[in-house]
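Undergrad: One structure, pasted below without further comment.
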Amino acid sequence: MRTGGWILLYIAFLRGMNVPGRSVKMEYLRRLFTDMGFDSVRSYIQSGNVFFESDETDRAVLSTRIGDHLRGTLGYEVAVCLRTVPELEALIALDPFKDVTVTHDMRCCVVFTTERIDPDLALPLISPKKDMEIIGSTAYDAFVVWYLINGKAPAAKGFQERALGRDATTRYFHTVVKILDAAKKGAS
């Protein structure tokens, strides 16, 4: 896919990979990205995190291309949230959960969105069930605390989708740190 322009290392956070009823082996997912002409394709854990290089700088074009290919191949919609290594570094540097006293029944999450988050969203914002709290955001990422109820995490459908948009995917903050480390290890 190299055409002489700048090559960017992207991290694709894909929604709905390896959840009940949607099992996709990472080897197959990597092959789908390679088939689209992307270089240096790698994946991290089984939840739909793919690293790849492209000279395409128009993120909307790239997301649409990937989403269309995945929908055509897998048979269902997949939200494609693209980030770069510098963007993840900046996100982690914010240390968004530094003021949260984490207990065993809480999870600190990053919600990656495909659409801009409403800049007028009044934060913090607590769900009606009091099982999640949006404590901060950037233009395309939200920092959410999940409160486990009977050991179970809240569903992203409902409150989180209404506040942040349907085309989004969630990762635990500590997993985002590991994803960034893995992306950087393979970067040229």
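The values are calculated or read from the model by the stated rules, or taken from the named source; none is laboratory data. Note that the structure is a prediction, hence the values are computed from the model and not measured. Here Cβ is always computed from backbone atoms with ideal geometry, including for glycine, and neighbour counts include all displayed protein chains. Ligands, DNA and RNA are stripped out before the accessible areas are found, and what is left, the full protein with its side chains, is counted by its heavy atoms. Shrake-Rupley method; radii C 1.70, N 1.55, O 1.52, S 1.80 Å.
Undergrad: Explain nothing, just the number: relative contact order of region 47-188, from Cα pairs under 8 Å at least 6 residues apart, as a whole percent.
TA: This gives 25 percent for region 47-188.
Undergrad: Using alpha carbons only, how many angstrom separate the centre of region 165-186 from the centre of region 46-118?
TA: Spelled out, the Cα-based centre of one part sits 7 Å from the other.
Undergrad: On the principal axes of its Cα set, how long, how wide and how thick is the chain? Give whole Å, largest value first.
TA: Projected onto its principal axes, the Cα set of the chain covers 48, 35, 30 Å.
Undergrad: Mind checking region 94-188 for GluC sites (Glu not before Pro) that DSSP puts in a loop (not H, G, I, E or B) and that have at most 16 other Cβ atoms within 10 Å?
TA: Those satisfying the criteria are Glu115.
Undergrad: Region 153-188: which trypsin sites (Lys or Arg not before Pro) are DSSP loop and have at most 11 other beta-carbon atoms within 10 angstrom?
TA: Here the sparse-neighbourhood loop sites are Lys157.
Undergrad: Can you list the DSSP H helices in the chain whose Cα atoms extend at least 30 Å along the helix axis and whose mean Kyte-Doolittle hydropathy is 1.0 or higher?
TA: Membrane-span-like by this rule: not one helix.
Undergrad: Could you tell me the calculated FRET efficiency between Asp120 and Glu161, based on Cβ-Cβ distance and R0 = 22 angstrom, to the nearest 0.05?
TA: That gives a FRET efficiency of 0.75.
Undergrad: Could you tell me the accessible area of Ser43 in Å² (1.4 Å probe, neighbours in place), rounded to the nearest ten?
TA: 30
Undergrad: Take the residue pairs Lys157/Lys185; Lys98/Lys178; Lys152/Lys178; Lys152/Lys185; Lys157/Lys184 and return only those whose Cα atoms are more than 28 Å apart.
TA: Flagged as over cut-off: Lys157/Lys185; Lys152/Lys185; Lys157/Lys184.
Undergrad: Still on this structure: Scaled to the compact-protein estimate 2.2 N^0.38 Å, what is the alpha-carbon radius of gyration of region 121-186, rounded to two decimal places?
TA: This ratio for region 121-186 stands at 1.22.
Undergrad: So how do Leu94, Leu62 rank on accessible area, 1.4 Å probe, biggest first, that is with the largest at the start?
TA: Largest accessible area first, the residues go Leu94, Leu62.
Undergrad: Mind checking the dipole of the chain: about its Cα centre, +1 per Lys or Arg Cβ, -1 per Asp or Glu Cβ, Debye to the nearest 20?
TA: Dipole about the Cα centre, nearest 20: 640 debye.
Undergrad: What distance in nm separates the simple spin-label points at Asn150 and Asp68, each placed 7 Å from Cα in the Cβ direction?
TA: 4.5
Undergrad: Separate question: So how far apart, in nm, are the two label points at Thr175 and Ile92 if each is 7 Å from Cα heading toward Cβ?
TA: 1.6
Undergrad: Just from its helices, what would the mean residue ellipticity at 222 nm be for the chain, if runs of 4 or more DSSP H residues each count -39500 (n - 2.57) and the sum is divided by every residue, rounded to the nearest 500 deg cm²/dmol?
TA: -9000 deg cm²/dmol
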